[in-house]
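This report concerns only the one structure given below.
The values are calculated or read from the model by the stated rules, or taken from the named source; none is laboratory data. Values in this document were obtained by computation on a predicted structure and should not be read as measured data. These area figures cover heavy atoms from the full protein model, side chains too; ligands, DNA and RNA do not enter into them. Shrake-Rupley method; radii C 1.70, N 1.55, O 1.52, S 1.80 Å.
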Amino acid sequence: ATVGGDVSMDLSDGSPDVSGYNFGGQWSNRDITASVLVQNQLSAVNVSMMHRNLCKNSLFGVQVLSNLKDSSNTLNVGCQYEIDSATTMKTKISSTGSLATVVEHRLSSPNMTFGLASTYDVSSSGLTSTGMGLNLALGN
């Protein structure tokens, strides 16, 4: 288990004025990691859970973001699947109506990672592409 926090203070006028604080905790075991973060001076709560190896070569995660000021909530669900030792696919869908996916492939010589990513709007009728990109990372 891990716990932590931070406090921001404004000292510009000579007296300490707390301008922000956040705190959180995390618990992990071999297969599951769960965390709770309280952010923005108690105005937002982020609760998340990740499960490793729910299925072979996979990760599964759920995140709930709650804005306590306007009572809005966002649910994100994501998964990662290792296709082979060098290729990984990641997907995330949000209750806001967005779907994102990326496929990454690692090369050992030269040491680089190549990726293809796309985002979609699934809140309207049909599936509308909102973006697409390529990435190339050199080195570790």
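Extension gain, Thr87-Ser129: 0.36 nm per intervening residue step, less the Cα-Cα distance, totals 12.8 nm.
Of the residues Ser19, Ser118, Ser58, the one that moves most in a GNM of the chain with alpha-carbon contacts below 10 Å is Ser19. Among Arg52, Arg30, Arg106, the residue with the largest mean-square fluctuation in a Gaussian network model of the chain, with springs joining Cα atoms closer than 10 Å, is Arg30. Taking θ as phi - 60° and the Karplus parameters 6.51, -1.76 and 1.60, the scalar couplings of the stretch 71-84 work out to 6, 8, 10, 10, 10, 10, 10, x, 8, 10, 10, 8, 5, 8 Hz in sequence order, x denoting glycine and proline.
For Tyr21, the solvent-accessible surface computed with a 1.4 Å probe is close to 80 Å², ligands and nucleic acids excluded.
Of the residues Phe23, Phe60, ranked by 1.4 Å probe accessible area with the largest first, the sequence reads Phe23, Phe60. Ligands, DNA and RNA excluded, the heavy atoms of Met132 present near 150 Å² of accessible surface to a 1.4 Å solvent probe.
The heavy atoms of Ser98 present about 50 square angstrom of accessible area, all protein chains included, probe 1.4 Å. Given (1) 0.96; (2) 1.30; (3) 1.07, which label gives Rg/Rh (Cα atoms, Kirkwood Rh) as computed from the coordinates? Computed from the coordinates, Rg/Rh (Cα atoms, Kirkwood Rh) corresponds to (3). To put it simply, the accessible area of the chain at a 1.4 Å probe is 59 percent carbon and sulfur.
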